[in-house]
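What follows draws every value from the coordinates through simple rules; no lab data is involved. From a predicted model like this one, the values you see are computed outputs, not experimental measurements. Because the Cβ atoms are built from the backbone with ideal geometry, glycine has one as well, and the counts that use them run over all protein chains shown.
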Amino acid sequence: MDHKCSEMPSMAVTFPGPFEHHDVVVNGWRVPLLQAHMRGEDRVMLVIDRRLGAEFSAEEAERVVPFVADAISVALGYGAHPDDDTPRPLERAPFPRPERMVAL
């Protein structure tokens with residue numbers, strides 16, 4: 001909701017929203033950068049980094065979310081998404097060195 005008040009100067013700060021989303025939790029741990037939007041009784045839209053989204057059935061989401069959680073964790077420098085056997089505090093893995101696969 002935009003509010004314009006003639007007595008207020010133009011502001012660089014705005015407050016868009018409200019937005020409705022659900023956090024995604026696997027093994028009791030919130031998956032960073034992943035949101036869920038409920039699209040019906042059996043449909044869920046998964047959105048990565050508020051940019052990339054796809055719609056799944058609840059059964060499909062149950063299968064794909066653990067994979068996505070692991071992929072996000074690895075991209076953030078961890079070995080995998082935590083589970084009950086993960087030691088605390090979480091340790092980040094060293095980032096691998098990029099490897100060029102095609103000679104220029």
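Going through segment 55-89 one residue at a time, which ones are more than 15 Å from the chain's Cα centre (by Cα), part of a helix (DSSP H, G or I) and exposed (fewer than 13 other Cβ atoms within 10 Å of the Cβ)?
Hits for segment 55-89 are Ala58, Glu59, Glu62, Arg63.
Got a number for residues in segment 23-37 being surrounded by 13 or more Cβ atoms within 10 Å (Cβ to Cβ) and either under 11 Å from the mean Cα position of the chain (by Cα) or more than 30 Å from Pro87 (Cα to Cα) (or both)?
Selection size over segment 23-37: 9.
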